[in-house]
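Single-structure report; data block below.
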Amino acid sequence: MSLQDQLTSAVDADGSLHSVAKFGQFERELWFVAIAAMLVDVTLTVHGLQLGLRELNPVARSALDTAGAVGLYGLKAAAVGVALCCRPLLPARYQVIIPLALALPSVVAVGINATLISWVLL
């Protein structure tokens, strides 16, 4: 089956993607991954700062300058709070996008932070 056939078969009669709904069964796990990745991201960020690295995100840097690590945890908690408030605004089948949108950049940030820290330590 070609990619175009796969994409066409993933579209319902109303034009919506039913493959997104399949991820819905993993929503709880995605919330766990998102929150865990955020906590690891803050921990690695603080560790990286102690090793001499610097925070490039201006919003996170401001939170760090204002309240230290607690500011970063507050920033992540605010992101989760906004996500939870926005979740009910989406149709049920698309609500899984919210934790996915939090998890993906957080997991990438963990990977970047871990890589940078390993380069400093090696």
* If r is the Cβ-Cβ distance from Gln50 to Phe26 and R0 is 30 Å, what FRET efficiency results, to the nearest 0.05? -> 0.30
* Structure fact -> If Ile98, Ile112 are placed from fewest to most neighbouring beta carbons inside 10 Å, the sequence is Ile112, Ile98
* Wrap a convex hull around the Cα atoms of the range 22-121, take a quarter of its surface area, and give that in square nanometres. => 6.6
* Mind sorting Leu84, Leu116 by how few other Cβ atoms lie within 10 Å of their own Cβ, fewest first? => Leu84, Leu116
* When a footprinting reagent is the concern and you count Cβ atoms within 10 Å, what order do Arg87, Arg61 take, fewest first? -> Arg61, Arg87
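Readers should treat all values here as calculations from the given coordinates under stated rules, not as data from a laboratory. For clarity, every value in this text was computed on a predicted model and none was experimentally measured. Counting neighbours? That spans all protein chains shown, and the Cβs are built from the backbone with ideal geometry, glycine included.
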